[in-house]
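Peer 1: One structure, as C-alpha coordinates, below. Some questions next.
The values are calculated or read from the model by the stated rules, or taken from the named source; none is laboratory data. Remember, predicted model here, so these are calculated numbers, not experimental data. Cβ placement follows ideal geometry from the backbone for every residue including glycine, while neighbour counts extend to all protein chains displayed.
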Amino acid sequence: MRVTLIHNPGAGRHGTGQLEHLLRLLKDAGHEVREQSSRDKDWADALGENADVVAVAGGDGTVSRVAKKLKGSGTPIAPLPAGTANNISTTLGLVGRPLEDLVRGWQGSRRLKLDLGVANGPWGRRYFLEGVGAGLFAHAADVAPKDKLPPTPEEKVRWAIRNLRRQLLEMKPARIDASLDGEDVSGEYLLFEALNIPFVGPNLFLAPDSRQGDGQLDLVMVSGAERDRLAHYLEHWEQKKERLAVLPTRQGRHLRVTWTGCRVHIDDEFWPEDAAPAKPAAEIDVRIEDAAVDFLAPADLHAPDKKKR
(Lines give C-alpha, C1' and ligand atoms only; values in the text may rest on other atoms or scores of the structure.)
Protein backbone atom coordinates (compact mmCIF):
# COMPACT_ATOMS: atom_id res chain seq x y z
CA MET A 1 0.00 0.00 0.00
CA ARG A 2 1.05 3.59 -0.61
CA VAL A 3 1.00 5.23 2.80
CA THR A 4 1.28 8.93 3.58
CA LEU A 5 2.31 9.23 7.23
CA ILE A 6 1.46 12.49 8.98
CA HIS A 7 3.10 12.58 12.40
CA ASN A 8 3.07 15.09 15.22
CA PRO A 9 6.49 15.13 16.92
CA GLY A 10 4.95 16.90 19.92
CA ALA A 11 2.21 14.35 20.61
CA GLY A 12 2.02 12.64 23.99
CA ARG A 13 3.72 9.40 23.01
CA HIS A 14 5.59 10.52 19.96
CA GLY A 15 9.24 11.34 19.60
CA THR A 16 12.22 10.53 17.38
CA GLY A 17 12.54 6.97 18.67
CA GLN A 18 8.84 6.24 18.25
CA LEU A 19 8.86 7.65 14.70
CA GLU A 20 11.81 5.45 13.69
CA HIS A 21 10.06 2.42 15.18
CA LEU A 22 6.87 3.23 13.31
CA LEU A 23 8.67 3.73 9.99
CA ARG A 24 10.32 0.32 10.42
CA LEU A 25 6.93 -1.27 11.11
CA LEU A 26 5.44 0.27 7.99
CA LYS A 27 8.32 -0.70 5.73
CA ASP A 28 8.57 -4.21 7.17
CA ALA A 29 4.89 -4.63 6.37
CA GLY A 30 5.72 -3.89 2.73
CA HIS A 31 4.20 -0.42 2.55
CA GLU A 32 5.60 2.41 0.43
CA VAL A 33 5.85 5.28 2.92
CA ARG A 34 5.92 9.05 2.48
CA GLU A 35 6.53 10.75 5.84
CA GLN A 36 5.55 14.31 6.78
CA SER A 37 5.68 16.23 10.06
CA SER A 38 2.49 18.10 10.95
CA ARG A 39 4.67 20.86 12.39
CA ASP A 40 5.91 21.90 8.93
CA LYS A 41 4.18 24.92 7.45
CA ASP A 42 3.28 23.15 4.19
CA TRP A 43 2.41 19.77 5.75
CA ALA A 44 -0.96 19.58 3.98
CA ASP A 45 0.76 19.48 0.58
CA ALA A 46 1.61 15.84 1.29
CA LEU A 47 -2.10 15.00 1.23
CA GLY A 48 -2.21 15.91 -2.46
CA GLU A 49 0.01 12.95 -3.36
CA ASN A 50 -1.55 9.65 -4.40
CA ALA A 51 -2.00 7.35 -1.41
CA ASP A 52 -4.06 4.30 -0.52
CA VAL A 53 -4.25 5.41 3.09
CA VAL A 54 -3.17 8.39 5.20
CA ALA A 55 -1.78 7.23 8.55
CA VAL A 56 -1.82 9.81 11.34
CA ALA A 57 0.49 9.38 14.34
CA GLY A 58 -0.71 11.96 16.82
CA GLY A 59 -3.61 13.04 18.96
CA ASP A 60 -7.10 14.30 18.26
CA GLY A 61 -5.92 17.69 17.03
CA THR A 62 -3.70 16.19 14.33
CA VAL A 63 -6.30 13.62 13.26
CA SER A 64 -8.97 16.31 13.07
CA ARG A 65 -6.83 18.65 10.98
CA VAL A 66 -6.06 15.86 8.50
CA ALA A 67 -9.72 14.83 8.37
CA LYS A 68 -10.85 18.36 7.51
CA LYS A 69 -8.39 18.43 4.60
CA LEU A 70 -9.55 15.03 3.31
CA LYS A 71 -13.31 15.52 3.67
CA GLY A 72 -15.19 13.98 0.76
CA SER A 73 -12.00 12.65 -0.88
CA GLY A 74 -12.64 8.96 -0.17
CA THR A 75 -9.04 8.46 0.96
CA PRO A 76 -9.19 6.62 4.30
CA ILE A 77 -7.42 7.81 7.44
CA ALA A 78 -5.72 5.30 9.72
CA PRO A 79 -5.07 6.89 13.14
CA LEU A 80 -2.15 5.62 15.18
CA PRO A 81 -3.08 7.04 18.60
CA ALA A 82 -0.20 8.91 20.19
CA GLY A 83 -1.93 11.82 21.90
CA THR A 84 -3.38 12.48 25.33
CA ALA A 85 -7.15 12.00 25.12
CA ASN A 86 -7.40 10.16 21.78
CA ASN A 87 -11.17 10.65 21.62
CA ILE A 88 -11.37 9.89 17.90
CA SER A 89 -9.23 6.76 18.15
CA THR A 90 -11.27 5.57 21.14
CA THR A 91 -14.45 6.00 19.09
CA LEU A 92 -12.89 3.86 16.35
CA GLY A 93 -11.80 1.10 18.76
CA LEU A 94 -8.06 1.70 18.22
CA VAL A 95 -6.88 2.59 21.73
CA GLY A 96 -5.12 -0.19 23.62
CA ARG A 97 -4.07 -2.07 20.48
CA PRO A 98 -0.33 -2.39 19.71
CA LEU A 99 0.96 -0.42 16.73
CA GLU A 100 2.04 -3.70 15.14
CA ASP A 101 -1.54 -4.97 15.22
CA LEU A 102 -2.95 -1.73 13.85
CA VAL A 103 -0.52 -1.68 10.91
CA ARG A 104 -1.02 -5.37 10.14
CA GLY A 105 -4.77 -4.95 10.39
CA TRP A 106 -5.07 -2.34 7.64
CA GLN A 107 -5.42 -4.99 4.92
CA GLY A 108 -8.41 -6.62 6.63
CA SER A 109 -9.92 -3.53 8.23
CA ARG A 110 -13.24 -2.00 7.26
CA ARG A 111 -14.09 1.56 6.41
CA LEU A 112 -16.11 3.61 8.84
CA LYS A 113 -17.47 7.02 7.95
CA LEU A 114 -17.44 9.81 10.52
CA ASP A 115 -19.52 12.90 9.94
CA LEU A 116 -17.97 16.33 9.83
CA GLY A 117 -19.77 19.16 11.54
CA VAL A 118 -19.68 22.76 10.40
CA ALA A 119 -20.17 25.92 12.45
CA ASN A 120 -20.90 29.32 10.92
CA GLY A 121 -20.50 32.40 13.06
CA PRO A 122 -19.35 36.02 13.06
CA TRP A 123 -15.73 34.80 12.69
CA GLY A 124 -16.30 32.68 9.60
CA ARG A 125 -16.88 29.01 8.88
CA ARG A 126 -15.20 26.20 10.80
CA TYR A 127 -15.38 22.40 10.52
CA PHE A 128 -15.25 20.06 13.49
CA LEU A 129 -14.96 16.32 14.10
CA GLU A 130 -15.43 16.11 17.88
CA GLY A 131 -17.76 18.93 18.90
CA VAL A 132 -18.62 22.54 19.61
CA GLY A 133 -19.45 23.84 23.05
CA ALA A 134 -19.46 26.43 25.79
CA GLY A 135 -19.24 26.25 29.54
CA LEU A 136 -17.04 23.87 31.51
CA PHE A 137 -14.63 22.57 28.84
CA ALA A 138 -14.07 25.97 27.27
CA HIS A 139 -13.79 27.57 30.73
CA ALA A 140 -11.18 25.14 32.05
CA ALA A 141 -9.17 24.52 28.89
CA ASP A 142 -6.33 27.00 29.45
CA VAL A 143 -6.02 27.05 33.24
CA ALA A 144 -2.45 25.69 33.23
CA PRO A 145 0.37 26.46 30.78
CA LYS A 146 1.37 23.43 28.70
CA ASP A 147 4.88 23.46 30.15
CA LYS A 148 3.39 23.02 33.65
CA LEU A 149 1.38 19.90 32.79
CA PRO A 150 2.45 16.39 33.89
CA PRO A 151 4.82 14.54 31.53
CA THR A 152 2.82 11.44 30.53
CA PRO A 153 -0.55 11.22 28.72
CA GLU A 154 -2.11 9.25 31.60
CA GLU A 155 -1.03 11.85 34.15
CA LYS A 156 -2.26 14.67 31.91
CA VAL A 157 -5.70 13.08 31.65
CA ARG A 158 -5.90 12.60 35.42
CA TRP A 159 -4.82 16.21 35.96
CA ALA A 160 -7.41 17.43 33.46
CA ILE A 161 -10.19 15.45 35.15
CA ARG A 162 -9.27 16.86 38.59
CA ASN A 163 -9.13 20.35 37.14
CA LEU A 164 -12.53 19.96 35.48
CA ARG A 165 -14.11 18.82 38.74
CA ARG A 166 -12.55 21.73 40.65
CA GLN A 167 -13.75 24.22 38.04
CA LEU A 168 -17.20 22.61 37.97
CA LEU A 169 -17.69 22.99 41.71
CA GLU A 170 -16.72 26.67 41.59
CA MET A 171 -18.26 28.01 38.38
CA LYS A 172 -21.65 29.60 37.91
CA PRO A 173 -24.08 28.56 35.15
CA ALA A 174 -24.09 30.82 32.10
CA ARG A 175 -27.16 31.86 30.16
CA ILE A 176 -27.28 30.26 26.72
CA ASP A 177 -30.08 31.04 24.27
CA ALA A 178 -30.35 28.30 21.67
CA SER A 179 -32.68 26.16 19.58
CA LEU A 180 -32.28 22.58 18.32
CA ASP A 181 -34.22 21.78 15.14
CA GLY A 182 -36.37 24.81 15.89
CA GLU A 183 -37.20 23.82 19.48
CA ASP A 184 -36.08 26.13 22.27
CA VAL A 185 -33.36 24.64 24.50
CA SER A 186 -32.31 27.87 26.21
CA GLY A 187 -31.31 27.86 29.85
CA GLU A 188 -28.63 28.38 32.47
CA TYR A 189 -25.89 25.83 31.80
CA LEU A 190 -22.60 24.71 33.33
CA LEU A 191 -21.85 22.66 30.23
CA PHE A 192 -23.37 22.91 26.76
CA GLU A 193 -21.81 20.60 24.15
CA ALA A 194 -22.93 19.67 20.63
CA LEU A 195 -21.04 16.43 20.00
CA ASN A 196 -20.32 14.47 16.83
CA ILE A 197 -18.66 11.50 18.60
CA PRO A 198 -19.29 9.92 22.03
CA PHE A 199 -16.10 11.20 23.68
CA VAL A 200 -15.11 14.76 24.51
CA GLY A 201 -12.44 16.61 26.50
CA PRO A 202 -10.09 14.34 28.47
CA ASN A 203 -11.72 11.16 27.09
CA LEU A 204 -15.08 11.58 28.83
CA PHE A 205 -17.92 9.38 27.55
CA LEU A 206 -20.79 11.86 27.50
CA ALA A 207 -22.85 10.94 24.41
CA PRO A 208 -23.79 7.24 24.73
CA ASP A 209 -26.42 7.47 21.96
CA SER A 210 -23.97 8.83 19.40
CA ARG A 211 -23.62 6.66 16.29
CA GLN A 212 -21.00 7.15 13.62
CA GLY A 213 -22.35 8.62 10.41
CA ASP A 214 -25.92 9.12 11.68
CA GLY A 215 -26.12 12.77 10.63
CA GLN A 216 -27.09 13.84 14.16
CA LEU A 217 -25.63 16.13 16.78
CA ASP A 218 -25.78 14.95 20.39
CA LEU A 219 -26.45 18.00 22.55
CA VAL A 220 -25.34 17.49 26.18
CA MET A 221 -26.79 20.10 28.55
CA VAL A 222 -25.76 20.30 32.20
CA SER A 223 -27.65 22.82 34.33
CA GLY A 224 -27.02 23.65 37.96
CA ALA A 225 -29.41 20.83 38.92
CA GLU A 226 -27.02 18.27 37.38
CA ARG A 227 -23.83 19.72 38.91
CA ASP A 228 -23.52 16.97 41.54
CA ARG A 229 -24.22 14.25 39.00
CA LEU A 230 -21.42 15.43 36.71
CA ALA A 231 -19.07 15.99 39.67
CA HIS A 232 -19.72 12.41 40.83
CA TYR A 233 -18.91 11.10 37.35
CA LEU A 234 -15.64 13.06 37.27
CA GLU A 235 -14.72 11.88 40.75
CA HIS A 236 -15.20 8.21 39.86
CA TRP A 237 -14.00 8.44 36.26
CA GLU A 238 -11.01 6.12 36.75
CA GLN A 239 -13.09 3.32 38.24
CA LYS A 240 -14.81 2.70 34.91
CA LYS A 241 -13.67 4.75 31.98
CA GLU A 242 -16.86 4.42 29.94
CA ARG A 243 -19.24 4.83 32.85
CA LEU A 244 -22.27 6.75 31.65
CA ALA A 245 -22.68 10.17 33.18
CA VAL A 246 -26.44 9.92 32.45
CA LEU A 247 -26.67 13.62 31.65
CA PRO A 248 -29.53 15.33 29.80
CA THR A 249 -28.88 14.75 26.09
CA ARG A 250 -30.92 15.48 22.98
CA GLN A 251 -30.30 14.64 19.35
CA GLY A 252 -30.88 16.95 16.42
CA ARG A 253 -29.52 18.10 13.09
CA HIS A 254 -29.41 21.87 13.41
CA LEU A 255 -28.34 23.96 16.39
CA ARG A 256 -28.61 27.74 16.58
CA VAL A 257 -26.96 29.63 19.43
CA THR A 258 -27.19 33.34 20.17
CA TRP A 259 -23.63 34.29 21.10
CA THR A 260 -23.22 37.10 23.61
CA GLY A 261 -19.50 36.84 24.38
CA CYS A 262 -19.04 33.49 26.16
CA ARG A 263 -15.98 31.43 25.33
CA VAL A 264 -16.67 28.79 22.68
CA HIS A 265 -14.48 25.88 21.61
CA ILE A 266 -14.48 23.96 18.32
CA ASP A 267 -12.67 20.63 18.81
CA ASP A 268 -9.49 21.61 20.68
CA GLU A 269 -9.38 25.27 19.65
CA PHE A 270 -11.12 28.43 20.86
CA TRP A 271 -13.47 30.29 18.56
CA PRO A 272 -12.65 33.13 18.20
CA GLU A 273 -9.02 32.50 19.14
CA ASP A 274 -8.61 35.65 21.25
CA ALA A 275 -12.02 35.26 22.98
CA ALA A 276 -12.69 38.96 22.35
CA PRO A 277 -16.31 39.74 21.46
CA ALA A 278 -16.58 40.40 17.73
CA LYS A 279 -20.25 41.32 17.72
CA PRO A 280 -22.82 41.33 20.52
CA ALA A 281 -25.75 38.93 20.17
CA ALA A 282 -24.36 37.24 17.04
CA GLU A 283 -25.70 33.90 15.83
CA ILE A 284 -23.73 30.65 15.65
CA ASP A 285 -25.21 28.05 13.31
CA VAL A 286 -24.09 24.43 13.84
CA ARG A 287 -25.02 21.41 11.74
CA ILE A 288 -23.62 18.19 10.26
CA GLU A 289 -21.98 18.58 6.85
CA ASP A 290 -22.96 16.24 4.01
CA ALA A 291 -19.35 15.29 3.27
CA ALA A 292 -18.06 12.59 5.61
CA VAL A 293 -14.53 11.32 6.24
CA ASP A 294 -13.44 7.70 5.78
CA PHE A 295 -11.49 5.99 8.56
CA LEU A 296 -10.01 2.50 8.83
CA ALA A 297 -11.44 0.67 11.83
CA PRO A 298 -10.66 -2.83 13.14
CA ALA A 299 -12.75 -5.54 11.50
CA ASP A 300 -13.94 -6.74 14.91
CA LEU A 301 -15.27 -3.31 15.96
CA HIS A 302 -18.99 -3.58 16.65
CA ALA A 303 -20.87 -1.88 13.87
CA PRO A 304 -23.46 0.56 15.25
CA ASP A 305 -27.01 0.61 13.99
CA LYS A 306 -27.41 3.34 11.42
CA LYS A 307 -30.16 5.89 11.68
CA LYS A 308 -31.74 7.23 8.55
CA ARG A 309 -30.48 10.60 7.52
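Peer 1: Filter the stretch 40-56 down to the residues that are in contact with a strand residue (DSSP E or B) (Cβ under 8 Å, 6 or more places away or on another chain) and not in a helix (DSSP H, G or I), then identify the one that is surrounded by the fewest Cβ atoms within 10 Å (Cβ to Cβ).
Peer 2: In this case the residue turns out to be Asn50.
Peer 1: Report, by residue number, each residue of the stretch 234-279 that is modelled with pLDDT under 90 and assigned to a helix (DSSP H, G or I).
Peer 2: If the condition is that a residue be modelled with pLDDT under 90 and assigned to a helix (DSSP H, G or I), then Glu235, Trp237, Glu238, Gln239 are the ones that fit.
Peer 1: Name the residues in the stretch 57-77 that are in a loop (DSSP other than H, G, I, E, B) and either assigned by TED's automatic domain parsing to the domain that holds Tyr127 or of a type in the set (Val, Ile, Thr) (or both), would you? Lay out the reasoning, then the answer.
Peer 2: First pass over the stretch 57-77, keeping only residues in a loop (DSSP other than H, G, I, E, B): 59, 71-76.
Of everything in the stretch 57-77, just one residue is in a loop (DSSP other than H, G, I, E, B) and either assigned by TED's automatic domain parsing to the domain that holds Tyr127 or of a type in the set (Val, Ile, Thr) (or both), namely Thr75.
Peer 1: Search the stretch 1-39 for residues being of a type outside the set (S, T, N, Q), closer than 23 Å to Ala85 by Cα and in a loop (DSSP other than H, G, I, E, B), and hand back the single one that is modelled with the highest pLDDT.
Peer 2: Arg39
Peer 1: Only one of Arg158, Arg165, Arg211, Arg227 is surrounded by 15 or more Cβ atoms within 10 Å (Cβ to Cβ) and in a loop (DSSP other than H, G, I, E, B). Can you tell me which? Spell out the reasoning first.
Peer 2: Numbers: Arg158 fails: in a loop (DSSP other than H, G, I, E, B); Arg165 fails: in a loop (DSSP other than H, G, I, E, B); Arg227 fails: in a loop (DSSP other than H, G, I, E, B).
Answer to the selection: Arg211.
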